[in-house]
Structures are given as C-alpha cells and as structure tokens.
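Some notes on the structure that comes next.
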Amino acid sequence: MTNVMRYAMAGLFLCAGIFAGRSEASVVIGGTRVVYPAQEKEVTIKLTNQGVKPALVQVWLDDGDAKSTPTSSKVPFEVLPPFFRLDPTKGQAVRVMYTKEPLPTDKETLFWVNVLEVPPKSANDGRNLLEFAFRTRIKLFFRPAGLPGTVNSAPEKLTWKLVNGEGGKGMALQVTNPTPYYVNFAHVGLKMGERSISQKGEKGEKGGMVAPGGTTTFPLSELSSRPTGDVKAQFDVITDFGAINPMVQPLTP
C-alpha cells in the first residue's frame with residue numbers, strides 16, 4: 001500500500017472517530033458474518049449502497065480490538081480494495097485474502113470485518129450541519145480444514161449448568177464448548193416448565209458466543225435462587241448463513 005493511500009485511510013478513520021454515531025447506514029453488507037475456509041485463496045464480501053448519495057467506504061480487519069485502526073491492526077489478511085467510492089444503488093465486491101501467517105489448525109480463529117462509511121459533504125446552505133460516519137463490524141471465522149465434527153453439530157455438544165451470578169447477584173447460565181468451532185447465540189435463557197427466563201446483562205445484551213474449548217457465562221439476574229423441577233437451557237443458535245435455530249438442552253449437575 002502506498003504512503004498516500006495509508007494517509008488517506010488514516011484520515012478517513014480519524015473522521016469516523018470524530019463523527020461516529022450516525023444512526024443509519026446506507027452501505028449494507030451482504031451477510032451477517034463471514035466464514036473463511038483455510039483452503040480457499042480468498043473470500044468475497046459484497047457491499048451495496050442502498051442510499052441516495054455516494055459514500056466513501058473503507059474496509060479493514062482486526063483481531064478483536066474495536067479501537068484498532070487500518071494502520072495499527074495486525075492481521076494475516078489483505079483487503080482489496082481497502083478504500084473506494086460507492087455510488088447509490090451500486091455494489092462492490094471486496095476480496096479478503098489470507099496472507100499465510102501461521103494460525104491455529106485445530107480450531108477456528110475469530111477476526112472482525114470493519115466497514116466504515118463516510119457520506120459526502122452536504123452543500124453549504126447557511127445551516128450548521130454535522131456529518132456522521134458509520135462503522136459496521138461483523139465476525140469473520142477462519143476455519144481450518146479437517147476439523148473434527150461439523151459446525152452444525154457443535155451446538156448439540158455444548159454443556160450447560162446453573163452457577164451463582166457475579167457478585168452473588170442472582171444466578172447465571174454457564175456454557176462450555178468442547179468443539180473446535182465458535183457457537184453464536186441470538187438468545188440465551190432458561191426454560192422452567194411453562195416459564196422462561198432470558199439472559200439479562202448490565203447492557204441489556206441478549207446473545208453472545210462461546211469460543212472453541214471455552215466457557216461463557218450468561219447472567220440471569222431475574223432468577224434469585226436455584227429452581228427445581230424440569231429446568232433446561234433454552235437458546236437460539238446463529239448459523240453460518242445467519243439463520244436462527246432454536247434449541248433446548250438439559251442442564252448438567
């Protein structure tokens with residue numbers, strides 16, 4: 001990448017830092033997540049401008065640091081084109097290529113795709129206007145070849161149990177993932193006969209994920225004590241294609 005392009009990209013990111021907060025994006029990503037099979041030379045992300053004005057778009061990847069910039073992020077991927085203009089109703093295919101730096105071969109690795117949209121400057125008609133940039137982040141799962149099992153069967157292998165909530169506040173639902181795949185949830189909760197209780201974090205979050213070989217705890221602050229009777233974990237799994245699969249599983253002691 002040329003120095004001119006680097007400076008241009010850094011300047012565009014700076015604009016996002018100043019004006020981040022726009023509530024509605026015109027540039028739409030074709031999908032809710034990206035899966036990169038390790039044996040593929042590249043994957044393609046489709047972007048479309050559904051607005052009525054052109055936009056400047058910048059695309060980069062990070063390894064989980066939401067504050068990273070296109071120049072500070074260190075990931076084993078190249079994005080082409082990283083910076084472009086996208087006219088109304090038009091689309092742009094963005095290529096993501098793995099640059100072959102070593103990554104784990106026994107489990108998936110998670111990265112994030114950043115799409116930054118900056119609208120054109122409005123004509124000066126005497127009003128004081130504030131332009132906003134909008135950044136969207138979606139997950140990219142790098143999937144090595146030959147992993148045991150399948151990503152679709154991974155949710156069935158999860159184990160769930162009730163634990164005390166953080167700081168002794170209520171109860172929590174803890175999930176352990178013995179598989180090499182990330183499992184993503186749109187919703188996590190508890191089913192107690194005809195009654196259901198949903199995850200409720202401090203920020204009102206309703207979903208989440210559990211990493212390969214990892215454990216995640218979901219707070220159930222509405223539940224003050226351990227229930228009895230027929231109690232099961234109730235959750236919605238998000239598939240590679242963004243579909244939602246509802247599941248119910250018994251708890252482990």
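The values are calculated or read from the model by the stated rules, or taken from the named source; none is laboratory data. Predicted, not measured: the structure shown is a model, and the values here were computed from it. Glycine gets a Cβ as well: all are built from the backbone with ideal geometry, and neighbour counts include every protein chain shown.
Summary of values
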item: From Gly51, Gly11, residue being out of contact with any Phe, Trp or Tyr (no Cβ under 9 Å at 6 or more places or on another chain), surrounded by 18 or more Cβ atoms within 10 Å (Cβ to Cβ) and at pLDDT below 95; result: Gly51
item: Condition broken by Ala145, with the remaining ones in (1) part of a strand (DSSP E or B); (2) in contact with a Pro (Cβ under 8 Å, 6 or more places away or on another chain); (3) of a type in the set (A, V, I, L, M) satisfied; result: (1)
item: Test result for Val79, surrounded by 14 or more Cβ atoms within 10 Å (Cβ to Cβ), in a strand (DSSP E or B) and free of Cβ contacts under 8 Å to residues at least 24 places away in the same chain; result: yes
item: Elements of type strands (runs of 3 or more DSSP E) contained in the stretch 188-253, each with 1 or more residues being surrounded by fewer than 18 Cβ atoms within 10 Å (Cβ to Cβ) and small (Gly, Ala, Ser); result: 195-198
item: Tally, over the stretch 82-107, of residues that are assigned to a loop (DSSP other than H, G, I, E, B), of a type outside the set (A, V, I, L, M) and either touching a Ser or Thr at 6+ places or on another chain (Cβ under 6 Å) or farther than 26 Å from Pro120 by Cα (or both); result: 8
item: Residue list for the stretch 34-76, restricted to those being more than 28 Å from Pro180 (Cβ to Cβ), within 19 Å of the chain's Cα centre (by Cα) and not in a strand (DSSP E or B); result: Lys67, Thr69, Pro70
item: Residues located in the stretch 117-141, provided they are more than 16 Å from Gln50 (Cα to Cα) and at pLDDT 85 or above; result: Arg137, Ile138, Lys139, Leu140, Phe141
item: Tabulated pairs, the stretch 213-227, first farther than 11 Å from Leu190 by Cα and free of Cβ contacts under 8 Å to residues at least 12 places away in the same chain, second of a type in the set (Val, Ile, Thr) and part of a loop (DSSP other than H, G, I, E, B), C-beta under 7 angstrom, 6+ apart or interchain; result: none
item: Hits in the stretch 66-87 (condition: farther than 25 Å from Thr150 by Cα and modelled with pLDDT of 95 or more); result: Val75, Glu78, Val79, Leu80, Pro81, Pro82, Phe83, Phe84, Arg85, Leu86, Asp87
